[in-house]
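Quick note: the coordinates plus some simple rules give every number you see, no bench work behind them. Note that this is a predicted model, so its numbers are computed, not measured. Note: ideal-geometry Cβ built from the backbone for every residue, glycine included; neighbour counts use all protein chains shown.
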Amino acid sequence: MTVIGDIQGIITRVGPWFVQNKFAGAIRQATALACDVATTQLAAGLRLSQPLRCDSSALPSLAKDRNITVYPTESVDSQRTRLSQWNQLHKQRGTHQGELRHAAPYFLPSQPVVRIVHQSGDGLSATWHSFGTDVFGEPAQYSVLKMSPSNWDYDGRTSAWSRFWVLIYDTGYPSGNPRWSSEASTYDTAGLAYDGGTSYGGVSSAQAQDIVRLFLTWKSAHSRLAAVILVRPVVNASDAYVEPANAANYTVAPVTDHPAWGNWGTDLTTRPRNCLWLYEDNP
């Protein structure tokens, strides 16, 4: 006799002699086989509700049920991760930590450092929110650093306190190789802002749009996404380490490593060459 399922296998081996005859045995086998089919279908149905185990075809339905947007350029691993964390993500929606955690899976399998920085309304301080890791194998960490005096005065408009800037550090963490910066690029005339072409710093227009939407859809209603900046490895003298604890300095004049005097929003020539603007909101 061919045994198909676990329950049928148990029924085949267990039972008193008077249910082992031809006809009673056939009834028992049929019942056991029906139970095996039912449990298999139940297990398959349960997996459809589990983003980490279900078939990828079920992910769009789960995304709709959990109010999580999946993006065309997003990997299946990223979709699974965000959908499995949907409850935690919604609890932190509208916070800068929540925005960073929501966007982080998009960059899998690497976990680059992503930062959000904003300046206080009085212009006296700047707050840096960081999420990611620069050590291979270490879990991503969230941290906050408040710099006073401020080291982030983007365009001199300190009263526009609700704006925030996103910096994505494509510096090779944790694998040691940058994800995008070694690929072909299409620059605009200034070489500093994404121009809607096919690729910029290796980032396609579709990828740039999805990265921006990850933050636009998860921010609070009162806040404003001012820019998304790809920070590439420092190679040349006109490049800059844009780090939270650094004070504003000139690298090669007029380039500065932070926009501490309102210069990055008003004078494009002062922006570091390794910082590529994927998005900029100019009201």
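Spin-label point model (7 Å from Cα, Cβ direction): what's the Ala38 to Asn236 distance in nm?
Here the modelled spin labels are 7.1 nm apart.
FRET efficiency for Val70 and Gln97, Cβ-Cβ distance as r, R0 = 22 Å, nearest 0.05?
Working: r = 22 Å, r/R0 = 0.99.
Working from the Cβ atoms, E equals 0.50.
Given 0.36 nm per residue, what is the gain on full extension from Trp161 to Leu145 after removing their alpha carbon distance, in nm?
Difference between extended and current length: 4.0 nm.
Starting from the 7 Å offset along Cα-to-Cβ, what nm value, one decimal, do you get for the label separation of Leu108 and Ala58?
Distance between label points: 1.6 nm.
Search the structure for amide H atoms under 5 Å from the amide H of Trp261, placed 1.01 Å from N in the peptide plane, and list their residues when 5 or more places away or on another chain.
Amide H neighbours of Trp261: Asp153.
Compute the distance from the alpha-carbon center of the stretch 95-147 to that of the stretch 214-283, in whole Å.
If we compute the Cα centre of each part, the gap is 15 Å.
Between Asp77 and Asp281, what length comes free when the chain is fully extended (0.36 nm per residue of separation minus the Cα-Cα distance, one decimal in nm)? Don't jump to the answer; show the numbers that get you there.
On the way: separation 204, 0.36 × 204 = 73.44 nm, distance 3.02 nm.
The span from Asp77 to Asp281 would gain 70.4 nm if fully extended.
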